[in-house]
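Following: one structure in structure tokens, then a few remarks.
The values are calculated or read from the model by the stated rules, or taken from the named source; none is laboratory data. Not measured: the values here are computed from a predicted model. Every residue, glycine among them, receives a Cβ derived from its backbone with ideal geometry; neighbour counts consider all protein chains shown.
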Amino acid sequence: MTRDISAKAASTGIRPAATAEQLRGAEVAYTPISLRLYDVVVHGVSNRYLWRCPTKQLADQYERLLSARHLDVGVGSGYFLDRARLPVADPQITLLDLNRYCLDAAAARIARYTPKTVQANLFEPLPDIGPFESVSLTYVFHCLPGSIREKAVVLDRIAPVLLDDAVAFGATILGRGVAPNAAARALMGVYNRKGVFSNLDDGFDDLEEALKTRFEDVSIRREGLVALFEAKRPRRR
């Protein structure tokens, strides 16, 4: 059984970059039906042939950086947590997503770990959770509205729930400074028009700058259209 926490909006000094309406396009793309197809479509086809970053690249990073006290943001189908070899037999895992269907699907898939679930808008203050040793933001940024600078506010939201030596890692599909093939360009255009993606102006350099502003130690590389990153030791403001 999972434990659930719902986050409410609160007043802080950080201005939200997106309203619930702006986030709706990405949220409604994930339904019980689409989640049944997610692994095949994304991990079996899109990653390898369109985004040119085979899922193994993401899975290897995930397994290498996953900790015993882990926050998973934008949980999708729960694919990576289900398949990863965790560092301990009884990890403390928290799943965070705006979409209830994703939370339920991922929680059911890793029910053996008894995860907590948090339904929250990343642009709003998070509830009192954590602290965590690791946080995954795999395939989160390209689904968020706004520029990289605006999206990076989510890192400020996450920082208070991270330990001083924590690592934030993940990957995002870039829309600027890359050379998509015809199929990738077409699908990315459709996703952006529907609001599933918002990444046509997302560039590698902007992501690197956003991370280095907030973490002491940043490593970032590109594989195909995808930027894979790991950032350690959050800067305290």
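Among the residues of segment 217-234, those that are touching a Lys or Arg at 6+ places or on another chain (Cβ under 8 Å) and of a type in the set (D, E) comprise D217, E223. On the stretch given as segment 83-100, residues that are surrounded by fewer than 16 Cβ atoms within 10 Å (Cβ to Cβ) and farther than 17 Å from V118 by Cα total 6. Considering only residues in segment 83-111 that are of a type in the set (D, E) and more than 16 Å from the chain's Cα centre (by Cα), the one that is nearest to P131 (Cα to Cα) turns out to be D90.
When segment 48-79 is limited to residues that are in contact (Cβ under 8 Å) with a residue 60 or more places away in the chain and assigned to a helix (DSSP H, G or I), the one that is surrounded by the fewest Cβ atoms within 10 Å (Cβ to Cβ) turns out to be Y49. Note on segment 202-228: among residues that are among the basic types (K, R) and closer than 20 Å to P160 by Cα, the one that is surrounded by the fewest Cβ atoms within 10 Å (Cβ to Cβ) is K212.
Counting only residues that are in contact (Cβ under 8 Å) with a residue 40 or more places away in the chain and not polar (S, T, N, Q), segment 31-41 holds 4 of them. For V140, the requirement of being closer than 30 Å to D205 by Cα, in contact with a strand residue (DSSP E or B) (Cβ under 7 Å, 6 or more places away or on another chain) and not small (G, A, S) is met. Of the residues L81, L66, L71, the single one that is out of contact with any Cys (no Cβ under 9 Å at 6 or more places or on another chain) and under 16 Å from D39 (Cβ atoms) is L81. Within segment 152-179, the only residue that satisfies the criterion of being among the basic types (K, R) and either surrounded by fewer than 18 Cβ atoms within 10 Å (Cβ to Cβ) or in contact with a His (Cβ under 9 Å, 6 or more places away or on another chain) (or both) is R176. Filtered by the rule that a residue be touching a residue at least 40 places away in the same chain (Cβ under 8 Å), closer than 16 Å to G170 by Cα and part of a helix (DSSP H, G or I), segment 193-208 gives D206, L207. Can you find a residue in segment 28-47 that is at pLDDT 95 or above, within 19 Å of F169 (Cα to Cα) and not in a helix (DSSP H, G or I)? No, segment 28-47 contains no residue that is at pLDDT 95 or above, within 19 Å of F169 (Cα to Cα) and not in a helix (DSSP H, G or I). Restricting the first member to segment 157-179 and to residues that are of a type in the set (D, E, K, R), and the second to residues that are not in a loop (DSSP other than H, G, I, E, B), the beta-carbon pairs closer than 9 Å and six or more apart or on different chains are D164/R233; D164/P234; D165/E133; D165/K232; D165/R233; R176/F204; R176/D206.
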